[in-house]
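Participant: Next up is a structure, given as structure tokens.
The values are calculated or read from the model by the stated rules, or taken from the named source; none is laboratory data. Quantities reported herein were computed from a predicted structural model and do not represent experimental measurements. Cβ placement follows ideal geometry from the backbone for every residue including glycine, while neighbour counts extend to all protein chains displayed. When the accessible area is computed, the model is the full protein with side chains, heavy atoms only, and any ligands, DNA or RNA have been set aside. Shrake-Rupley method; radii C 1.70, N 1.55, O 1.52, S 1.80 Å.
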Amino acid sequence: MKHLKYLLLLLVASTFSSCTVKYNFTGTGKIDAKTFQVNFFQNNADLVEPGIDRTFTLALQDLIMNQTNLNLVSNGGDLKYEGEITDYRITPMTATADQQAAQNRLSIRVQVRFSNKKKETDDFEKSFEFYYDFPGRDLPTGSVLNEAIRVIFERITQDIFNESLAKW
């Protein structure tokens, strides 16, 4: 019984003397900023798909709001995201014996400029790209296109978040 008391005392002491680094479930650590802004990402790609500029802008805003406690503002944010969609491309990836596309790939590239008023060493300008493969018999319209854009933007926005706030 005496040894159990010492073991319990040692456990409690080691718990309260642990390091003071703060972690959260998103992996961001401590963020000094209080606000962020996401400017509208223009679609400057050669092939223009209507509406994806708005969809991307909203997807990036939603991700940051859901994974941090930062407040979204329309201007003057501590963190600022801006840029443009620079590439939207559909390319055949594999072909059948009769020279038909067996698989196509939709690729989207986004150029991002990130600035942090509180810590200017975190500023960057970088391109993020991802793709979605779909069967060659399917057209990139309707539900196929919506799913492709959802998957691509989910990955790109997470990559932007990781680069700007999670530092992974």
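Participant: Among the strands (runs of 3 or more DSSP E) lying completely within the stretch 69-139, list those that include at least 2 residues that are under 25 Å from Asn43 (Cα atoms) and among the polar types (S, T, N, Q).
Facilitator: Output list reads 79-95, 101-116.
Participant: From the list Thr96, Thr141, Thr91, Thr121, exactly one residue is open to solvent by less than 50 Å² (accessible area, probe 1.4 Å) and at pLDDT below 95. Which is it?
Facilitator: Thr91 is the lone residue from the list that is open to solvent by less than 50 Å² (accessible area, probe 1.4 Å) and at pLDDT below 95.
Participant: From Leu10, Leu4, Leu47, which residue is modelled with pLDDT under 95, surrounded by fewer than 15 Cβ atoms within 10 Å (Cβ to Cβ), within 17 Å of Leu106 (Cβ to Cβ) and not acidic (Asp, Glu)?
Facilitator: Leu47
Participant: Somewhere in the stretch 124-131, is a residue surrounded by 13 or more Cβ atoms within 10 Å (Cβ to Cβ) and farther than 22 Å from Asn39 by Cβ?
Facilitator: Yes, the conditions are met somewhere in the stretch 124-131.
Here's the yes/no breakdown for (1) among the hydroxyl-bearing types (Ser, Thr, Tyr); (2) in contact with a Pro (Cβ under 9 Å, 6 or more places away or on another chain):
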residue	(1), (2)
Asn104	no, yes
Ser107	yes, no
Arg113	no, no
Thr121	yes, no
Tyr131	yes, no
Pro135	no, no
Val144	no, yes
Thr157	yes, no
Glu163	no, no
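Participant: List every residue pair whose Cβ atoms lie under 9 Å apart, where the two residues are 6 or more positions apart in sequence or sit on different chains, the first residue falls within the stretch 149-168 and is of a type in the set (Ser, Thr, Tyr), and the second residue, located anywhere, is in a helix (DSSP H, G or I).
Facilitator: Partner pairs satisfying both residue conditions: Thr157/Phe56; Thr157/Ala59; Thr157/Leu60; Thr157/Asp62; Thr157/Leu63; Thr157/Ile64; Ser164/Ile64; Ser164/Asp122.
Participant: Being under 16 Å from Thr55 (Cα atoms) and in a helix (DSSP H, G or I): is that true of Ile152 here?
Facilitator: In short, yes.
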